[in-house]
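The next block holds one structure in the form of structure tokens; read it before the comments.
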Amino acid sequence: EGANATMLDIDFGTYPFVTSSNPSIGSVLTGLGVSPTKIRGIYGTTKAYCTRVGEGPFPTELEVVQGSVGHHLSSVGAEYGTTTGRSRRVGWLDIPQMQYSTLINGFTSINLTKLDVLTGLDKVKIGKAYKHKGKYIKTMPACLKTMAEIEVEYEIMDGWKEDISNVKNFDELPVNAQRYVLRVQELLGVPIRW
């Protein structure tokens, strides 16, 4: 069940809004029968924005109405569940959740996908920190009640208009897309390789 994300992991996800298995690196190794000593790297894959199917906490969620950023992400990103066909919820990239997923999985590098979906937005945001009752919290809350009460602190960056769908390497990206990728890498503390 490696198709799901860490936040849907039955042990480490946002229970009870999870799947029935462990889509994290530990389960991948167990399922394949591979020793952890035999792998050289753990590559995390994430979109350049967040999505979620179904219920559960989603701190950076955007409303999906015609003409909104949420609608742009949903329609340009073709964000529909592969099994159910229902619309995925969409939101800005969430660094605290990515840091949590990195902690659980031990990612050595990141594959950042769907960067092209952000093309055309005047501004792009990165959810870089959480506050609870006015105070910064260092990690993602374990309690759903606290998750529902957090405020997200965003970093706002300039977007880009250039089509990047055929870009093959980092240097071909528009400057603002490069800045976005580099800032995500800096905030996460894990290299983005692809």
TODO: Starting from segment 11-111, pick out the GluC sites (Glu not before Pro) whose DSSP state is loop and whose Cβ has at most 14 other Cβ atoms within 10 Å.
DONE: 55, 63
Task: Calculated FRET efficiency for the pair residue 66/residue 38, C-beta based, R₀ 35 Å, to 0.05 - done: 0.10
Open item on the list: Nearest 5 percent is fine: what portion of the DSSP beta bridges confined to the chain is antiparallel?
Closed with: 65
Task: Residue among 181, 74, 35 farthest towards the positive dipole end of the chain, charges placed on Cβ - done: 35
TODO: Report the relative contact order of segment 41-188, percent, no decimals, based on alpha-carbon pairs under 8 angstrom and at least 6 residues apart.
DONE: 25
Task: Order of 160, 194 under a 10 Å beta carbon neighbour criterion, fewest first - done: 194, 160
Open item on the list: Compute the distance from the alpha-carbon center of segment 51-118 to that of segment 127-141, in whole Å.
Closed with: 19
- [ ] Show the residues, 5+ positions off or on another chain, whose built amide H is closer than 5 Å to the amide H of residue 93.
- [x] 50, 127
Task: Computed [θ] at 222 nm, deg cm²/dmol, the chain (DSSP H ≥ 4; -39,500 (n - 2.57); rounded to nearest 500) - done: -7000 deg cm²/dmol
Task: Length added when fully stretched, residue 135-residue 151, from 0.36 nm per residue minus Cα-Cα - done: 4.8 nm
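A short reminder: the numbers here are calculations on the coordinates, not readings from a lab. What you are looking at is a predicted structure, and each value in this text was computed from that prediction instead of being measured. Using ideal geometry, Cβ is built from the backbone for each residue, glycine included, and neighbour counts are taken over all protein chains shown.
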